[in-house]
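Visitor: Before I ask anything, let me first share the structure, which is written out below as structure tokens.
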Amino acid sequence: MSSNSCTNSSSINGFYNFLTQGLNVLHQSLILSHNFMSIQFISEVISSLQSFHSQLTLLVQNLCLPIGGKWLDEYMDESSRLWDICHVLKSSISGLENYSSAGSNIATSLDGFHHLTPEVSHQVIRAINICQREILGLEEENKSMVETRIQSLSQSLNQNISLESKLNEYNGFRGVLYAMRRVSSLLLMILLSGVSYCWSSSCFDHQECEGNLACGSSFMVSMARLQQKVANEIDNSNVEPGILLHEFQEAKVVMEDLKMELERMVVYEEEFEIQAKVEKLKSCFGLLKCGVENLIGKVDDLFDEIVEGRKKLLDMCSDK
């Protein structure tokens, strides 16, 4: 065996181990978390995706691949797919940022009010109604935007390659790209479910891949475990189809609670203590706003990673 092939084998095994460890960390994070699809978990998923892509780019540079050729086209196709879905994620998160700003403004408008007149109550109720209609519109827009992408990701997630020769093509690059496609499909589906739209746990159904030589690998075992855990959490969450993000769901409930209290004040023409509800609204939307701003930064970092990875490999082929 040549020194190059030894280096390739070692690097490839290291990449598979890297995927396995990263997936295990995400699975453990879900187990330890009290809030499913929290901003913290979503942030960890984006960071993992960026880290996996960075490691893939480094690996490709060490595989002694031929200049240009089909392997480069396949890498570019995969990074283009990632780029496309990142735009969907960015759009969805920006919609959440607008929602969080609107909710924060409502809470701020009630600051200092110890006694609300019916007129002020009506104004706040109208503002809440507008905010709620806008988020319904956002979810519908997200639904149509992610539908075809979820189907495509699900197909990639359950794609089987049964011939070892295909996985070993280009010094093992084909197998590495296959692994990356499977893993990134799962992580992207998690992200879309969290910040864009989720119908049910059915898109995370794990299909047995009998006869697939890659199925016995550790990264596939770790991936199946994470996939099953996410599906179980969705089933147990009892949340309506839509955006699953925990902080978003919590903010929606708190806003509806305040609205009902204000409507009671208008109907009964009596004063109720709402300051605690206002403070809770302010806190929830403050957390959501801060969180989605952080997620936008994470997605931007992932964009930068994709651009840098593509440039590195194109430069590598040009230099050769």
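The values are calculated or read from the model by the stated rules, or taken from the named source; none is laboratory data. Predicted model, so just to flag it, every value in this text is computed and none were measured. No Cβ is skipped: glycine too gets one built from the backbone with ideal geometry, and neighbour counts run over all protein chains shown.
Visitor: Quick one: which residue in Asn98, Asn62, Asn35 is more than 22 Å from Leu302 (Cβ to Cβ) and modelled with pLDDT of 90 or more?
Guide: Being more than 22 Å from Leu302 (Cβ to Cβ) and modelled with pLDDT of 90 or more holds for just one of Asn98, Asn62, Asn35, which is Asn35.
Visitor: Search the range 233-269 for residues being charged (D, E, K, R), out of contact with any Lys or Arg (no Cβ under 8 Å at 6 or more places or on another chain) and over 23 Å from Met145 (Cβ atoms), and hand back the single one that is surrounded by the fewest Cβ atoms within 10 Å (Cβ to Cβ).
Guide: Only one residue fits best here, namely Glu269.
Visitor: Which one of Ser201, Ser162, Ser154 is surrounded by fewer than 17 Cβ atoms within 10 Å (Cβ to Cβ), on the phi < 0 side of the Ramachandran plot and modelled with pLDDT under 95?
Guide: Unique residue meeting the criteria: Ser162.
Visitor: Do we have Gly291 as surrounded by fewer than 17 Cβ atoms within 10 Å (Cβ to Cβ), assigned to a helix (DSSP H, G or I) and small (Gly, Ala, Ser) here?
Guide: The answer is no for Gly291.
Visitor: When you check Glu273 against the structure, is it surrounded by fewer than 14 Cβ atoms within 10 Å (Cβ to Cβ) and either on the phi > 0 side of the Ramachandran plot or outside any helix (DSSP H, G or I) (or both), yes or no?
Guide: Yes; evaluated as a whole, the condition is true for this residue.
Visitor: Separate question: Among the residues of the range 72-117, count how many are over 26 Å from the mean Cα position of the chain (by Cα) and either on the phi > 0 side of the Ramachandran plot or of a type in the set (A, V, I, L, M, F, W, C) (or both).
Guide: The qualifying residues number 7.
Visitor: Can you find even one residue in the range 110-130 that is in contact (Cβ under 8 Å) with a residue 60 or more places away in the chain, in contact with a Gly (Cβ under 8 Å, 6 or more places away or on another chain) and either within 30 Å of Arg181 (Cα to Cα) or crowded, with 18+ Cβ neighbours inside 10 Å (or both)?
Guide: Within the range 110-130, not a single residue is in contact (Cβ under 8 Å) with a residue 60 or more places away in the chain, in contact with a Gly (Cβ under 8 Å, 6 or more places away or on another chain) and either within 30 Å of Arg181 (Cα to Cα) or crowded, with 18+ Cβ neighbours inside 10 Å (or both).
Visitor: Continuing with this model, one more query. For residues that are touching a residue at least 12 places away in the same chain (Cβ under 8 Å), over 12 Å from Val292 (Cα atoms) and surrounded by 15 or more Cβ atoms within 10 Å (Cβ to Cβ), tally how many sit in the range 28-44.
Guide: 6
Visitor: While we're here: Have a look at Leu63, Leu96, Leu56, Leu49 and point out the one that is crowded, with 17+ Cβ neighbours inside 10 Å and farther than 30 Å from Gly172 by Cα.
Guide: Going through Leu63, Leu96, Leu56, Leu49 in turn, the sole match is Leu96.
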